[in-house]
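Asker: Here it is: the structure, laid out below.
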Amino acid sequence: MVLQLPPPIVTVRHLDKVRIHTFISAYTEDNIANATHIIEGEKELVLIDGQFLVPYAEQFRAYAKGLKKPINRLYLSHRHPDHWFGLYAAFADVPVYALQETIDFLKTDGQTSLQDHWKMGNLAPNGVLIPQHAVEAGTKEVIDGVTYVFDKIVDTEIDYLLTIRLPDQRVFIAQDLIYSGTHLYLTKYMNHWIDILGKMLTSEDELFLPGHGLPADKDEVARNIQYLTIAMEAVERGLTNDAFQRFMMESFPERKCAGIFKIYMPRLFDNASEF
């Protein structure tokens, strides 16, 4: 039986040598607008992340197939399940690249993370796909005539995050460094996260691909800094759990996907499992 979910949103940007496709799961209900991307070169496709819910992962794969070019590889940005759950369901035949830290986590704790989401039922995959290739920070590679520059960012929204720049196109694939138009998944690393976003504001990059929401510009990067700053002040004032959520939603009524609060607040305030 095919599960019916609200339809995704797809955007396409035409840049020098590439088209960038962004596939976003729904903003409605408990969805958190997961954003996955396709870098379409002249002959091949490079994918970023694999979606969370199985039906969206399958739709993302079908969309990529519709471009009628082979998938060269898929890059997994980090270990949060909303980015890797869909790999097993829809991309088991695709070469997957990730940071070694992400690979190690999935080998040791991926199955536990999957079991922790048992309430998702058929929305979750039946297994864990382990990336086959490790990406080293500070390296670059030309794929289908497009230059990719890789880096590792630590202690922001996640402990280890793979970022990718397309310097010729001035594109920064930031994934969960940026939440575009949605509420952020907050961690104890907010101060350092702000420092990283500040450096992004002074970079030459112009287009930022987020892990949640629509492709963004530097104005959205600045708004993320504002969000984190206000969140830190709220925590310092002693707000937690429901009171904290109410305050952030009242402070940022334009942001969507409030379902993210119930995912991260037990971890931020109650020392729940990182899985």
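The values are calculated or read from the model by the stated rules, or taken from the named source; none is laboratory data. Predicted model only: the values in this text are computed from it and were never measured. Backbone-built Cβ (ideal geometry, glycine too); neighbour counts: all protein chains shown.
Every residue, every condition in (1) closer than 20 Å to S25 by Cβ; (2) surrounded by 19 or more Cβ atoms within 10 Å (Cβ to Cβ), yes or no:
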{"site": "K65", "(1), (2)": "yes, no"}
{"site": "K68", "(1), (2)": "no, no"}
{"site": "L74", "(1), (2)": "yes, yes"}
{"site": "T102", "(1), (2)": "no, yes"}
{"site": "K119", "(1), (2)": "yes, no"}
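Asker: Mind listing whichever residues of the stretch 182-210 are part of a loop (DSSP other than H, G, I, E, B) and aliphatic (A, V, I, L, M)? Can you show your working first?
Answerer: Looking only at the stretch 182-210, we keep the residues that are part of a loop (DSSP other than H, G, I, E, B), and these are 183-189, 202-206.
Answer for the stretch 182-210, where residues must be part of a loop (DSSP other than H, G, I, E, B) and aliphatic (A, V, I, L, M): L184, L186.
Asker: A further question on this structure: Residue check: is D219 surrounded by fewer than 16 Cβ atoms within 10 Å (Cβ to Cβ), modelled with pLDDT of 95 or more, acidic (D, E) and closer than 19 Å to L177 by Cβ?
Answerer: The answer is yes for D219.
Asker: Tell me, please, whether a residue that is among the small types (G, A, S) and closer than 16 Å to L5 by Cβ can be found in the stretch 37-49.
Answerer: Here is the first cut: in the stretch 37-49, the ones among the small types (G, A, S) are 41.
Subsequent filtering for residues that are closer than 16 Å to L5 by Cβ retains none.
Within the stretch 37-49, none of the residues are among the small types (G, A, S) and closer than 16 Å to L5 by Cβ.
Asker: Taking only the stretch 233-275 into account, find how many residues are farther than 18 Å from N31 by Cα, among the hydroxyl-bearing types (S, T, Y) and in a helix (DSSP H, G or I).
Answerer: Number of matching residues: 1.
Asker: Let me ask something else. Criterion first (among the small types (G, A, S), buried (at least 19 other Cβ atoms within 10 Å of the Cβ), out of contact with any strand residue (DSSP E or B) (no Cβ under 7 Å at 6 or more places or on another chain) and free of Cβ contacts under 8 Å to residues at least 40 places away in the same chain) does G127 satisfy it?
Answerer: So G127 fails the test.
Asker: Now, a different point. Could you please give the count of residues in the stretch 29-54 that are touching a helix residue (DSSP H, G or I) at 6+ places or on another chain (Cβ under 8 Å) and either among the small types (G, A, S) or surrounded by fewer than 20 Cβ atoms within 10 Å (Cβ to Cβ) (or both)?
Answerer: Selection size over the stretch 29-54: 1.
Asker: Please go through the stretch 18-55 and pick out each residue that is at pLDDT 95 or above, part of a loop (DSSP other than H, G, I, E, B) and either farther than 19 Å from L74 by Cα or β-branched (V, I, T) (or both).
Answerer: Across the stretch 18-55, the qualifying residues are I32, A33.
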